[in-house]
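Enquirer: Got a structure here, written out as C-alpha cells. Questions coming.
The values are calculated or read from the model by the stated rules, or taken from the named source; none is laboratory data. In this text, all values refer to a predicted model and were calculated from it rather than measured experimentally. Here the Cβ is made from the backbone with ideal geometry for all residues, glycine too, and neighbour counts use every protein chain on show.
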Amino acid sequence: MKNVKAIIVGFGVVGKGVAKVLQTKRKELEHDYNAKVSVVAVCNSKGCVIDESGAGLDLEELVELADKKKFESHKKFQKMKGADAIESVKADILIEATPTDIKTGEPGTANFLAAFKSGKHVITSNKGPLAVNFQKLMGEAKRKNLEMRFEATVCGGMPVFSLVRNGLQLNKIKSVRGILNGTTNFILTKMLEDKVSFESALKEAQELGYAEADPTYDIEGIDAAAKVVILANALLGINASFKDVKVTGITKVTAEAMELANSQGFVIKLIGEISESGSLEVSPRLIPKVHPLNVKGSLNALQIDTDLAKEVFVVGRGAGQIETASAIVSDLVDIINRRF
Amino acid sequence: MLKCRVLLRLKDAPGALVESLKPISGHGGNIQNITHLRENSEGEGGFVPTIINFEISDLSALEALKADLSKVAQIRELSADGKKLLKKKSVSILLLGHVMDTDAKNTLDRLMDAGADARNFTLSISDSKKPSCALITLDMDEKNFDPILSALDKLSKEKGLLVIRE
C-alpha cells in the first residue's frame, strides 16, 4: 500500500469538496490505486488543524465544523499561517485551494514556494499564482523534481491538461479557444432564450448562485483571461501573464444583438482564445449555431487544434464543489501513480 | 499552358453556370472539367460551390480572365499549376453601439479600403436613443485579414463600437 500524506490549505467550497471526495472515495483509492491518502493538516485563513501522529485527520468532522463556522474550535487548532504549516508539517503533497487573487497571486504563490522548498508536490485550484507567476513556479517545481498540477484551475471537472498529457502525446498544440466561464455562458444563454436584458439575466444568475454578489471577475472576462494565461503557458509554452491578454467582457452585449446574430445563424459567446500567432484574447464572439462550441447554460467547452489529431473538443461542467474536487483528486491519483 | 483551378460561389439560378464559363472561353481557356457541388448548396435561392479546372496560355491571360470572371461570379479560390493565387474567406462581424450615428457608410468604406467586400449588411434598431447593431458579412482575400482586423480595431476605438467577430 502506498501511504501518501497530504495537506489541504484553503478550506472553503473547494477544500471541503476535496475532503468529502477523499472520504467517499477512500475504498476506491485503496482498491483501484493501492493508495492510502492521509490528510495531516488542514488550514483556513485563521489557522491550521494539524495531526502528524497517526492515520490523519477526521475529514468528516472538519467539514462539519467548517460548515458551522466552528473550524477554530477543533481541539488541535492552532493559529498559524498556511505557508508556515506547509513548511513545517511532514507531508508529500500540498492541495492548495485558497481564493484567487489575480493581481498579486497571493497567498497562493507563497504557499507553492513553501511546498517546493520543503519537497512537496503541489495540486491547486487557485488560478492566481499561475496567472501571475506560471513560469517561475513551474521552473521551481522542475528544479526540485516535483510535480505542479492545476487541472482544477481551468474548466473545473472537465479534463483539459490530463487529456493533452495522456491522450495527445506528440501532438503540437497550434491554438486553443473556448467557453471558459460558466457564469457568462449562463447569462448569454438566458438573454437569447428568454429575450431578456443583460441586467435581468445577471440578476437571475445571482439568484441561482451561478454568479457572485460581485460578478466583476466573470462578466468583465477576468476569470476567463486567467484561464487563457494558464492554457497558453501549459499547452503552448507561451511565457504569458495576465497583462498579456486583451480582455473585453459581456456587459455591453444587448438582447437585440443576440437576436440579430441568431437570425443570421450565429450565437454570441464569451470566448477565450490563444491563436496560432500566439495572441491572447477574451472577447464576445460570433459562433455558428451548428458549431460544437455552441453549448448552453453554464457548460464550458474547449476546442484544441493540433497538428496530428486536428480539432479536439471537450465539453463539461466548469465549476461546482464536487466537479472541481474531481479535477483535484484526478491530479492526486496521477501523481501517486507516477511518483509513489 | 497553365493548369488552373477556380472555386466559384455561383447563384443557384438558371444560366448562372453558363455565364461563368463565358469569360473562361473568351480568354482562350480550355475547360477540362466542371464540378457543381449541389450537395453543399446554401439552400433554395442560395449559392452553389462550383469547381472548374481549365488550361490557359499564360498568367496575363489568367489575370484578364479573373477580372472578367469576378464580374459575373464570386471567386473564392484560384490556383495555377498548384500555386495558390487567391483564396477568399468570409467573416461575419457584429457592430454594437451607435452604428448609424457614427456614420455607417464611412465604417463600410473604411473596411472596403482595407480590402474587404461587404456581402451582407443587416441593421437592427429598436429605439433611436438606444445602441443599435449591425451584422455584416465581409469577403476578403486571406492576406487582407490582418489589415481588416486592424481597421476594425481602430473603428471600434474611434467610434465607441463593440466589434463582435467570428
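Enquirer: Could we say that A:GLU72 is assigned by TED's automatic domain parsing to the domain that holds A:VAL18, surrounded by fewer than 21 Cβ atoms within 10 Å (Cβ to Cβ), outside any helix (DSSP H, G or I) and acidic (Asp, Glu) here? Please lay out each step first, then the result.
Expert: Details: assigned by TED's automatic domain parsing to the domain that holds A:VAL18: yes; surrounded by fewer than 21 Cβ atoms within 10 Å (Cβ to Cβ): yes; outside any helix (DSSP H, G or I): no; acidic (Asp, Glu): yes.
Criteria not met by A:GLU72.
Enquirer: What number of residues in region A:13-48 are of a type in the set (Gly, Ala, Ser) and either modelled with pLDDT under 95 or under 17 Å from A:LYS76 (Cα atoms) (or both)?
Expert: Taking region A:13-48 as the starting set, the residues that turn out to be of a type in the set (Gly, Ala, Ser) are A:15, A:17, A:19, A:35, A:38, A:41, A:45, A:47.
Now drop any that are not either modelled with pLDDT under 95 or under 17 Å from A:LYS76 (Cα atoms) (or both), which leaves A:38, A:41, A:45, A:47.
Counting residues in region A:13-48 that are of a type in the set (Gly, Ala, Ser) and either modelled with pLDDT under 95 or under 17 Å from A:LYS76 (Cα atoms) (or both) gives 4.
Enquirer: A further question on this structure: Select, from B:GLY82, B:GLY45, the only residue that is at pLDDT below 90 and surrounded by fewer than 14 Cβ atoms within 10 Å (Cβ to Cβ). Outline the logic, then answer.
Expert: Working: B:GLY82 fails: at pLDDT below 90.
After applying the criteria, what remains is B:GLY45.
Enquirer: For region B:60-75, check the following and say yes or no: at least one residue is among the acidic types (Asp, Glu) and on the phi > 0 side of the Ramachandran plot.
Expert: Here is the first cut: in region B:60-75, the residues among the acidic types (Asp, Glu) are B:63, B:68.
Adding the requirement that they be on the phi > 0 side of the Ramachandran plot leaves none.
No, region B:60-75 contains no residue that is among the acidic types (Asp, Glu) and on the phi > 0 side of the Ramachandran plot.
Enquirer: Ok, one more. I need a count of the residues in region A:282-300 that are basic (Lys, Arg) and facing another protein chain (nearest Cβ under 8 Å). Steps first, answer last, please.
Expert: Here is the first cut: in region A:282-300, the residues basic (Lys, Arg) are A:285, A:289, A:296.
Filter once more, keeping what is facing another protein chain (nearest Cβ under 8 Å): A:285.
Qualifying residue count for the region: 1.
Enquirer: Moving on to the next point. Of A:LYS120, A:LYS69, A:LYS90, A:LYS76, which residue is out of contact with any strand residue (DSSP E or B) (no Cβ under 8 Å at 6 or more places or on another chain) and not polar (S, T, N, Q)? Full working, then the answer.
Expert: On the way: A:LYS120 fails: out of contact with any strand residue (DSSP E or B) (no Cβ under 8 Å at 6 or more places or on another chain); A:LYS90 fails: out of contact with any strand residue (DSSP E or B) (no Cβ under 8 Å at 6 or more places or on another chain); A:LYS76 fails: out of contact with any strand residue (DSSP E or B) (no Cβ under 8 Å at 6 or more places or on another chain).
Every option except A:LYS69 fails the conditions.
Enquirer: Only one residue in A:VAL63, A:VAL21, A:VAL39 is over 20 Å from A:ILE335 (Cβ atoms), outside any loop (DSSP other than H, G, I, E, B), in the same structural domain as A:SER118 (by TED's automatic domain parsing) and β-branched (Val, Ile, Thr), so which one is that?
Expert: Values: A:VAL21 fails: over 20 Å from A:ILE335 (Cβ atoms); A:VAL39 fails: over 20 Å from A:ILE335 (Cβ atoms).
Going through A:VAL63, A:VAL21, A:VAL39 in turn, the sole match is A:VAL63.
Enquirer: Do you know which residues across region B:95-136 are polar (S, T, N, Q), modelled with pLDDT of 90 or more and under 18 Å from B:GLY160 (Cβ atoms)? Before you say what the answer is, go through the steps one by one.
Expert: Taking region B:95-136 as the starting set, the residues that turn out to be polar (S, T, N, Q) are B:102, B:106-107, B:120, B:122, B:124, B:126, B:128, B:132.
The next check asks that each one be modelled with pLDDT of 90 or more; those that pass are B:106-107, B:122, B:124, B:132.
Scanning region B:95-136 gives B:ASN106, B:THR107, B:SER124, B:SER132.
Enquirer: Next question, about the same structure. Only one of these is under 22 Å from A:ALA240 (Cβ atoms) and either outside the structural domain of A:ILE95 (by TED's automatic domain parsing) or surrounded by fewer than 24 Cβ atoms within 10 Å (Cβ to Cβ) (or both): A:ASN133, A:ASN126, A:ASN145. Name it.
Expert: On the way: A:ASN126 fails: either outside the structural domain of A:ILE95 (by TED's automatic domain parsing) or surrounded by fewer than 24 Cβ atoms within 10 Å (Cβ to Cβ) (or both); A:ASN145 fails: under 22 Å from A:ALA240 (Cβ atoms).
Result of the check over A:ASN133, A:ASN126, A:ASN145: A:ASN133.
Enquirer: Conditions first: (1) of a type in the set (Val, Ile, Thr); (2) without any contact (Cβ under 8 Å) to a residue 60 or more places away in the chain; (3) surrounded by 23 or more Cβ atoms within 10 Å (Cβ to Cβ). A:ILE7 passes all but one, so which condition is the exception?
Expert: (2)
Enquirer: Moving on. Checking B:ARG76 against (1) closer than 28 Å to A:MET258 by Cβ; (2) not assigned by TED's automatic domain parsing to the domain that holds B:ASP141, only one condition comes out false. Which one?
Expert: (1)
Enquirer: If you don't mind, there's one more thing I want to ask. Could you count how many residues in region B:29-73 are part of a strand (DSSP E or B) and of a type outside the set (Asp, Glu)?
Expert: Quick first cut of region B:29-73, residues part of a strand (DSSP E or B) only: B:30-36, B:47-56.
Okay, now just the ones that are also of a type outside the set (Asp, Glu), so B:30-36, B:47-54, B:56.
Matching residues across region B:29-73 total 16.
Enquirer: Can you tell me which of B:PHE121, B:PHE47, B:PHE54 is within 14 Å of the chain's Cα centre (by Cα), away from every other protein chain (no Cβ under 14 Å) and among the aromatic types (Phe, Trp, Tyr)?
Expert: On the way: B:PHE121 fails: away from every other protein chain (no Cβ under 14 Å); B:PHE54 fails: within 14 Å of the chain's Cα centre (by Cα).
Going through B:PHE121, B:PHE47, B:PHE54 in turn, just one is within 14 Å of the chain's Cα centre (by Cα), away from every other protein chain (no Cβ under 14 Å) and among the aromatic types (Phe, Trp, Tyr): B:PHE47.
Enquirer: While we're on this one: How do the strands (runs of 3 or more DSSP E) wholly within region A:274-340 filter down when requiring 2 or more residues that are within 19 Å of A:ASN166 (Cα to Cα): which remain?
Expert: Correct list: A:299-306, A:311-317.
Enquirer: Determine which single condition B:ASP146 fails, assuming it passes every other condition in (1) more than 20 Å from A:VAL253 (Cβ to Cβ); (2) within 14 Å of chain A (Cβ to nearest Cβ); (3) surrounded by 16 or more Cβ atoms within 10 Å (Cβ to Cβ).
Expert: Every condition holds for B:ASP146 apart from (3).
Enquirer: Provide a single number: the residues in region B:149-166 that are away from every other protein chain (no Cβ under 13 Å), free of Cβ contacts under 8 Å to residues at least 40 places away in the same chain and under 26 Å from A:GLU259 (Cβ atoms).
Expert: 0
Enquirer: With respect to A:VAL247, is the statement that it is within 14 Å of chain B (Cβ to nearest Cβ), touching a strand residue (DSSP E or B) at 6+ places or on another chain (Cβ under 8 Å) and more than 14 Å from A:ASN185 (Cα to Cα) true? Walk me through it before giving the result.
Expert: Working: within 14 Å of chain B (Cβ to nearest Cβ): yes; touching a strand residue (DSSP E or B) at 6+ places or on another chain (Cβ under 8 Å): yes; more than 14 Å from A:ASN185 (Cα to Cα): yes.
Here the answer is yes, as A:VAL247 does meet what is asked.
Enquirer: Okay, next question. Run A:ILE219 past the list (1) free of Cβ contacts under 8 Å to residues at least 60 places away in the same chain; (2) surrounded by fewer than 21 Cβ atoms within 10 Å (Cβ to Cβ); (3) within 18 Å of the chain's Cα centre (by Cα) and report the number of the one that doesn't hold.
Expert: (2)
Enquirer: Would you check if there is a residue in region B:131-138 being buried (at least 16 other Cβ atoms within 10 Å of the Cβ), more than 9 Å from every other protein chain (Cβ to nearest Cβ) and either of a type outside the set (A, V, I, L, M) or touching a strand residue (DSSP E or B) at 6+ places or on another chain (Cβ under 9 Å) (or both)?
Expert: yes
Enquirer: Small (Gly, Ala, Ser) and away from chain B (no Cβ under 14 Å) - does that describe any residue in region A:258-281?
Expert: yes
Enquirer: Still on this structure, please answer the following. Within region A:258-302, how many residues turn out to be surrounded by fewer than 21 Cβ atoms within 10 Å (Cβ to Cβ) and charged (D, E, K, R)?
Expert: Residues meeting the conditions: 5.
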